[in-house]
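Novice: Questions regarding the structure given below will be posed in turn.
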Amino acid sequence: MSKKMICLACFVLVLGFVSNASAELVGHWRLDEGSGTTAHDQSGNGNDGTFVNDPVWAMGIINGALQLDGIDDYVNCGNGQSLNMTDAVTIAAWVKLNSVPPAFSVLIAGKFGAYWLEWRDNTTLSLSMFLNGAYNGSGPALELADEDWHHIALTYDGTHKKGYYDREEVFSEGATGAIDVSGNNFLVGEGHPASDNFNGCPDGLIDDIRV
């Protein structure tokens, strides 16, 4: 099976388990541009990402990818209305991480105060959320910083959270509530600017982010 078909199969598999979620993408950053400083949103919603500092185009699992330095490289995709989901959300991406920073939390992608995919405490892949104003952060314990490509995805459908690692379901937990609407931008690879514990940036490659 080609890399492109594997990538599509991973996301379709995840969506198949999210019965209440729409399969329509609100954000899709293929990261195949190869030049320039904009990561274009292929979903049609206009959530294009702007490079901050010096992300570098690189070869990915499928065509191109972004290389982040683990220090201060990230992508700012803005705060478009389409990114303010309240009923359900799925975040999926390919990652190839080299190392982990000392920070407690490493953001992969998301909106602080609403929903975000993070690698927490160097061991746990978490879909962290605020549901009806209350923090909910949980997920599976995984090895990510092994310099290999992995497909990761976490979902919330209004009643459950599920986690997938290389196409296998590895986590399931009950959860309910509406996702808070946050005024923060959707970021790729940037830690929380107001917290030393939550400001970790990934060191490695990221490819084909879908929301």
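The values are calculated or read from the model by the stated rules, or taken from the named source; none is laboratory data. These numbers come from a predicted model, not from an experiment. In this analysis, Cβ positions are derived from the backbone assuming ideal geometry, glycine residues included, and neighbour counts consider all displayed protein chains.
Novice: Just name the residue that is modelled with the highest pLDDT out of those in the range 167-189 that are surrounded by 15 or more Cβ atoms within 10 Å (Cβ to Cβ) and on the phi > 0 side of the Ramachandran plot.
Specialist: Among them, the one singled out is 177.
Novice: Now, a different point. Test each condition in (1) part of a loop (DSSP other than H, G, I, E, B); (2) within 28 Å of residue 177 (Cα to Cα) for residue 33 and report the one that comes out false.
Specialist: So residue 33 meets the others, but not (2).
Novice: Which ones in the range 115-162 are more than 11 Å from the chain's Cα centre (by Cα) and of a type in the set (A, V, I, L, M, F, W, C)?
Specialist: Within the range 115-162, 129, 130, 131, 134, 141, 142, 144, 145, 149 meet the criteria.
Novice: Name the residues in the range 54-91 that are of a type in the set (A, V, I, L, M, F, W, C), more than 15 Å from the chain's Cα centre (by Cα) and over 26 Å from residue 161 (Cβ atoms), would you?
Specialist: Result: 56, 57, 58, 59, 62, 71.
Novice: Answer yes if at least one residue in the range 32-49 is out of contact with any Phe, Trp or Tyr (no Cβ under 7 Å at 6 or more places or on another chain), charged (D, E, K, R) and modelled with pLDDT under 95, and no otherwise.
Specialist: No, the range 32-49 has no match at all.
Novice: Restricting to the range 167-191, count the residues that are assigned to a loop (DSSP other than H, G, I, E, B) and touching a residue at least 60 places away in the same chain (Cβ under 8 Å).
Specialist: 12
Novice: OK, next. Out of (1) within 25 Å of residue 62 (Cα to Cα); (2) modelled with pLDDT under 90; (3) not aromatic (Phe, Trp, Tyr), the odd one out for residue 163 is which?
Specialist: For residue 163, the exception is condition (2).
Novice: In addition: Out of everything in the range 67-123 that is charged (D, E, K, R), farther than 19 Å from residue 40 by Cα and modelled with pLDDT under 95, what residue ends up being surrounded by the most Cβ atoms within 10 Å (Cβ to Cβ)?
Specialist: 118
Novice: Looking only at the range 143-165, which residues are out of contact with any Gly (no Cβ under 7 Å at 6 or more places or on another chain), buried (at least 18 other Cβ atoms within 10 Å of the Cβ) and without any contact (Cβ under 8 Å) to a residue 40 or more places away in the chain?
Specialist: 161
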